[in-house]
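First up is the structure itself, then whatever we jot down about it.
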Amino acid sequence: MVRRAFSLLLILALAGIFFSILKGWTPMTELSGVARDYVANEKEQLGAMNLVTAIVVTYRGLDTLGEVTVLFLAASGVAVLLRRKRDEAAATVKIKRAASEIVTTGASLLSPFIVMFGAYIFLNGHLSPGGGFQGGAVIASAVLLLFLAHPDYKLKHAVLNIIESFSGFAYVLVGLLGLFLAGGFLDNRFLPLGHFGSLLSAGAIPVIYVLIGLKVGTELATILENMKGRAL
């Protein structure tokens with residue numbers, strides 16, 4: 001009884017706080033501070049049609065580096081926690097019923113197109129909504145589809161490790177090139193900005209997003225395989 005009364009009081013207190021916040025809230029009618037500077041100068045400074053991309057990849061490049069690092073640590077943590085011992089590999093429980101032929105055929109046909117769509121998303125991240133994280137997640141969804149259709153499907157870890165290591169190293173290298181050749185870490189202007197709105201524009205932003213997309217895709221695919229192996 002006391003616990004229920006305390007929970008009710010807590011809910012009422014939170015409701016009162018949110019009500020006071022909403023009561024005094026007024027919508028913004030114009031940009032202010034840093035946001036106004038981003039909108040006014042991004043086209044000339046960075047040359048990306050997608051303003052969000054310019055902010056995330058360059059103006060807040062260190063934040064993006066931190067997000068990539070967190071994802072790498074998460075993938076490593078999942079691999080450690082769900083890793084099976086060698087003597088447990090032989091005791092894997094078999095799937096009672098395999099996926100239907102329609103599912104397996106559909107997965108085999110759709111997976112390449114899903115991967116292509118993911119690549120399109122991070123290749124055009126500086127031109128339209130999307131980017132490295134989104135494209136990498138789409139690529140990982142193709143891997144998930146293959147796992148659902150083919151429970152015994154195994155990834156080639158040697159290839160994944162090479163892609164992940166190369167993309168992570170190249171990402172940091174591009175950031176350092178921006179630091180020494182332009183205005184700061186991950187500054188895209190050490191490469192030509194190109195023609196505004198074209199695929200080869202916005203300096204190094206397309207390169208950065210390709211590297212992020214590959215790294216995110218491989219790390220999420222590794223997480224999915226580790227979780228699948230634990231579930232079987």
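Quick note: the coordinates plus some simple rules give every number you see, no bench work behind them. Just so we're clear, the structure is a prediction, and the values are computed from it rather than from any experiment. Every residue, glycine as well, gets a Cβ built from its backbone with ideal geometry; the counts of neighbours run over all protein chains shown.
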For region 102-107, Karplus couplings with θ = phi - 60° (6.51, -1.76, 1.60), whole Hz, Gly/Pro x: 5, 5, 5, 5, x, 5
J(HN,Hα) series, region 143-157, from Karplus relation 6.51 cos²θ - 1.76 cosθ + 1.60, nearest Hz, glycine and proline x: 5, 4, 4, 5, 5, 5, 7, 10, x, 8, 5, 10, 7, 8, 5
Amide H partners (placed H, <5 Å) of N124, local residues excluded: none
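Grab the other residues whose beta carbon is less than 11 angstrom from that of Y59, score K and R as +1, D and E as -1, and report the net.
Working: positive: R60; negative: D37, E42, D63, D187.
Net local charge, Y59 excluded: -3.
Only helical DSSP H runs with n ≥ 4 go in: add -39500 (n - 2.57) per run for the chain, normalise by residue count and round the 222 nm mean residue ellipticity to 500 deg cm²/dmol.
-22500 deg cm²/dmol
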Packing rank of 199-206, 149-156, where each peptide gets the mean count of other beta carbons within 10 Å, highest leading: 199-206, 149-156
Calculated from backbone phi, Karplus (6.51, -1.76, 1.60) coupling profile of region 183-192 in Hz, x at Gly/Pro: x, x, 4, 6, 5, 7, 7, 6, 10, x
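Using the scaling law 2.2 N^0.38 Å as the reference, what is the normalised Cα Rg of the chain? Can you show the working numbers first?
Values: Rg = 22.9 Å, N = 232, 2.2 N^0.38 = 17.4 Å.
In units of the 2.2 N^0.38 Å rule of thumb, it is 1.31.
May I ask for the percentage of alpha-carbon pairs in region 102-232 that lie more than 25 Å from each other?
Details: 2770 of 8515 pairs.
Looking at region 102-232, the distances longer than 25 Å represent 33 percent of pairs.
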